[in-house]
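Taking it in order: structure first as structure tokens, then the write-up.
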Amino acid sequence: MFAGHAALALLAKAKRPSIPLALLVPVAFAPDWIELFADALHHYNREISHSLVSVGIGATAVALIYFALSRVKLDAFVVWLTYVSHWPADFITGLKPTWPGGPTVGLLLYAHPLGDILVESALIVACWLVYTRSLPAVSRRRAINALIPLGLIGMQIVFEAIQSPNFG
Ligand SMILES: [Zn+2]
């Protein structure tokens, strides 16, 4: 999944507005950042970035740090959920490792780019609707707010056109 991760960050922001979006978005993409970073160091390994084990460890580490800083248990839990949401979201679109020596699983929607764009666009619109309803009326009416789903769907279409089949 690509732009859908940002949509899930918006959903988390709608539910817990005190958590900065600037934290939620990178957390929602965390396994992809780890994948890119490891690749840059020539240690490409999807078990390190995307296995259930690594996602569990990464999410717990980030949530504990957030709890230490915010002291709000529910916010830390939502940060944890945002990180963990990466795995089921990627399960729908790709193939993901589970645990060391375990199977690689997924529905591989990436094999059907149009289907993937439709599913991620639906997720983007649904999450954005929840997010926009959580905003005060004055911010909700700002034109920039309507650009969020358009921008994310546009990102998804570009991603679909240029992506390497394994990434995400
Ligand atoms: Zn991913």
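Starting from region 48-67, keep only residues that are under 22 Å from GLY94 (Cβ atoms) and of a type in the set (S, T, N, Q), then list their pairs with residues that are more than 15 Å from the ligand (Cβ to nearest atom) and open to solvent by 30 Å² or more (accessible area, probe 1.4 Å) whose Cβ atoms are within a distance under 9 Å, requiring at least 6 positions of separation or different chains.
Close Cβ pairs satisfying both conditions: SER51/TRP99; SER51/PRO100.
Go through region 68-84 and count every residue that is free of Cβ contacts under 8 Å to residues at least 40 places away in the same chain and within 14 Å of the ligand (Cβ to nearest atom).
1
So which of LEU69, LEU152 ends up being surrounded by 13 or more Cβ atoms within 10 Å (Cβ to Cβ) and not small (Gly, Ala, Ser)?
When all the criteria are applied, what remains is LEU152.
Got at least one residue in region 134-146 being open to solvent by less than 50 Å² (accessible area, probe 1.4 Å) and touching a residue at least 24 places away in the same chain (Cβ under 8 Å)?
The answer is no; no qualifying residue exists.
Restricting to region 34-56, give me the number of residues that are more than 20 Å from GLY106 (Cβ to Cβ) and either under 15 Å from the mean Cα position of the chain (by Cα) or hydrophobic (A, V, I, L, M, F, W, C) (or both).
3
Could you list, in sequence order, the residues of region 118-146 that are aliphatic (A, V, I, L, M) and modelled with pLDDT of 95 or more?
Within region 118-146, LEU118, VAL119, ALA122, LEU123, ILE124, VAL125, ALA126, LEU129, VAL130 meet the criteria.
In this structure, does VAL72 turn out to be modelled with pLDDT of 95 or more, closer than 26 Å to GLU120 by Cα and of a type in the set (Val, Ile, Thr)?
Taking the combined requirement at face value, the residue does not satisfy it.
For region 85-114, name all the residues that are in contact with a strand residue (DSSP E or B) (Cβ under 7 Å, 6 or more places away or on another chain), open to solvent by less than 70 Å² (accessible area, probe 1.4 Å) and not in a strand (DSSP E or B).
Once the filter is applied, which keeps residues that are in contact with a strand residue (DSSP E or B) (Cβ under 7 Å, 6 or more places away or on another chain), open to solvent by less than 70 Å² (accessible area, probe 1.4 Å) and not in a strand (DSSP E or B), region 85-114 yields TRP87, ASP90, PHE91, THR98, GLY106.
Residues ALA3, ALA14: which one is within 30 Å of LEU135 (Cα to Cα), more than 16 Å from the ligand (Cβ to nearest atom), modelled with pLDDT of 95 or more and small (Gly, Ala, Ser)?
The conditions single out ALA14.
Listed here are the residues, each with its yes/no results for (1) touching a Phe, Trp or Tyr at 6+ places or on another chain (Cβ under 9 Å); (2) at pLDDT 95 or above; (3) within 16 Å of the ligand (Cβ to nearest atom).
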| position | (1), (2), (3) |
| --- | --- |
| LEU21 | no, yes, no |
| ASN45 | no, no, yes |
| VAL55 | yes, yes, yes |
| HIS86 | yes, yes, yes |
| PRO100 | no, no, no |
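Pull up region 9-42, narrow it to residues that are part of a loop (DSSP other than H, G, I, E, B) and open to solvent by 50 Å² or more (accessible area, probe 1.4 Å), then point me to the one that is farthest from SER70 (Cα to Cα).
The first filter runs over region 9-42 and keeps only residues part of a loop (DSSP other than H, G, I, E, B), leaving 16-20, 29, 41-42.
Right, trim to open to solvent by 50 Å² or more (accessible area, probe 1.4 Å) and you get 16-18, 20, 41-42.
Numbers: ARG16: 12, PRO17: 13, SER18: 10, PRO20: 11, LEU41: 33, HIS42: 35 Å.
That would be HIS42.
The values are calculated or read from the model by the stated rules, or taken from the named source; none is laboratory data. Values in this document were obtained by computation on a predicted structure and should not be read as measured data. Neighbour counts are summed over all protein chains in view; Cβ atoms, including those assigned to glycine, are modelled from backbone coordinates with ideal geometry. Quick note on the areas: whole protein, heavy atoms, side chains included, nothing else; ligands and nucleic acids left out. Shrake-Rupley method; radii C 1.70, N 1.55, O 1.52, S 1.80 Å.
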